[in-house]
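Working notes for the structure below.
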Amino acid sequence: METRTALVRRARAINRTLAATYPDARCELDFCNPLELLVATILSAQSTDKRVNLVTPAVFARYPNAAAYAAAERETLEQLIHPTGFFRAKSDALIKLGAALVERFGGEVPGRLKDLVTLPGVGRKTANVVLGNAFDVPGITTDTHFMRLSARFGWSDSAKPDVVEAEVGSLFPRSDWTQLSHNVIWHGRRCCHARRPACGACPVARLCPSYGEGPTDPKVAVKLLREPRG
DNA sequence: ATCCCGAGGG
DNA sequence: CCCTCTGGAT
């Protein structure tokens with residue numbers, strides 16, 4: 001059984017290695033202000049950031065502020081965001097979000113977790129993305145990648161995002177939380193895939209209790225890095 | 001068939 | 001706690 005001290009050391013070593021491997025790790029959603037990031041993050045639910053970035057330019061141009069979302073025609077908005085999936089629930093959330101921002105926050109996106117999670121369509125994960133990337137407030141993004149890698153790294157065995165957030169957060173200083181999220185998510189997207197993780201090409205294989213879950217042959221692994229899934 | 005930077009409702 | 005909402009890539 002790994003001691004707490006050893007777990008903390010191993011977790012931080014993994015993060016250091018990931019940081020060195022992915023020096024450009026950051027939020028991959030395109031945005032120019034907090035509202036744009038908030039909208040893009042809501043659209044990213046069960047979608048890829050690449051797909052979100054494809055639709056957001058038209059969305060941001062048509063709805064430049066909170067009041068514009070509040071006054072949006074449902075059908076128009078649904079058509080603009082359609083490729084991201086869940087278009088009915090998302091358009092509904094964005095319209096109600098605009099109204100809530102105008103009514104309760106003077107049309108501005110609040111910079112506190114407590115306020116953000118009261119907004120329609122905004123859960124803890126979305127709130128932490130906005131805090132970390134638009135307000136420089138440390139936050140752990142427990143998205144699908146972070147959940148999967150936390151389990152594989154042995155950082156948390158919980159299936160509940162808020163528990164994982166607390167347990168993994170306790171392994172790192174607050175100031176590391178946002179960049180940790182980016183490092184882990186980048187590694188999840190590029191190497192530690194949900195299906196057939198490229199263990200043979202993984203920079204933290206030595207530190208990972210799940211090493212061997214995917215192919216360990218370096219040649220096979222390197223192929224997986226280019227053709228991520230199959 | 002499985003997965004993608006989830007949230008809300010029952 | 002479960003379920004549902006949705007499209008597109010692989």
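Measure off, as a whole percent, the carbon and sulfur share of the 1.4 Å-probe accessible area of chain A, all protein chains present.
Working: 6250 of 11820 Å².
That share works out to 53 percent.
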With +1 at each Lys and Arg Cβ and -1 at each Asp and Glu Cβ, the charge dipole magnitude of chain A around its Cα centre, to the nearest 20 debye, comes out at 800
Once normalised by the length of the stretch A:92-201, the mean sequence separation of its alpha carbon contacts under 8 Å that are 6 or more apart gives a contact order in percent of 19
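Can you tell me how the stretch A:34-134 classifies by the Cα gyration tensor, rounded, prolate or oblate, using a/c under 1.5 as the rounded cut?
It is oblate, given that a/c is not under 1.5 and a/b is not larger than b/c.
Tell me what chain A gives for mean residue ellipticity at 222 nm when only DSSP H runs of n ≥ 4 count, each as -39,500 (n - 2.57), the sum divided by the residue total, rounded to 500 deg cm²/dmol.
-17000 deg cm²/dmol
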From the cross-link list A:LYS50/A:LYS96; A:LYS90/A:LYS125; A:LYS90/A:LYS114; A:LYS160/A:LYS219; A:LYS114/A:LYS160; A:LYS50/A:LYS114, the entries with a Cα-Cα span beyond 27 Å are A:LYS160/A:LYS219; A:LYS50/A:LYS114
Relative contact order as a percentage, the stretch A:34-134, C-alpha pairs under 8 Å and 6+ apart, gives 32
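Hey, got the dipole for the stretch A:34-134? About the Cα centre, +1 on K and R Cβ, -1 on D and E Cβ, debye to the nearest 20?
Computed charge dipole of the stretch A:34-134: roughly 300 debye.
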Net charge (Lys, Arg +1; Asp, Glu -1) of residues whose beta-carbon lies under 15 Å from that of A:VAL102, A:VAL102 excluded, is -1
Charge dipole of chain A built from unit charges on the beta carbon (Lys, Arg +1; Asp, Glu -1), centred at mean Cα; most positive-end Cα among A:ALA205, A:ALA61, A:SER150 is A:ALA205
For chain A, the per residue accessible area (1.4 Å probe, Å²) is 51
The answer for the longest stretch of chain A without any exposed GluC sites (Glu not before Pro) (DSSP loop, at most 14 further Cβ atoms within 10 Å) is A:109-212
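The values are calculated or read from the model by the stated rules, or taken from the named source; none is laboratory data. Note that this is a predicted model, so its numbers are computed, not measured. We place every Cβ from the backbone using ideal geometry, glycine too, and count neighbours over all the protein chains shown. We work out accessible area using only protein heavy atoms, side chains counted, and drop any ligands, DNA or RNA first. Shrake-Rupley method; radii C 1.70, N 1.55, O 1.52, S 1.80 Å.
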